[in-house]
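Written below as structure tokens is the structure these notes are about.
Values quoted throughout were computed directly from the atomic coordinates according to the rules given, and no laboratory measurement underlies them. Bear in mind the structure is a predicted one, so any value in this text is a computation, not a measurement. So basically every Cβ, Gly included, is an ideal-geometry build from the backbone, and we count neighbours across all protein chains shown.
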Amino acid sequence: MSSCACKCEEKGCDSCCYCGRNFGEGFSESPKKIMKRYLVFGGSQYYPDGGWDDFKESFNNKEAAILHARECEGEWDYSWSQVIDTETGKELEY
């Protein structure tokens, strides 16, 4: 089993926040592309793609989603990011 750079499995996450691999029961090397509870969007202030084109990743873990959103702004030089909770329909404050 190969390990991702993000170390999600070591942090106790149920799946990798970058590749989507599931670490729980039925682990598979191939990523599972299933929409999860928390959706991360981000992009450039000057050239936003708009709507789903600004979608970056989905997460079951709230903290992992927020971390990914912050990384979008920091490491990837996006000027904005947001996390949406699909159960409440609300944007998370972070």
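What to note about this one:
- Here the gap between Glu93 and Arg70, fully extended at 0.36 nm per residue and compared with their Cα-Cα distance, gives a gain of 7.1 nm.
- The calculated FRET efficiency for the pair Phe55 and Ser79, based on their C-beta separation and a Förster distance of 25 Å, comes to about 0.95.
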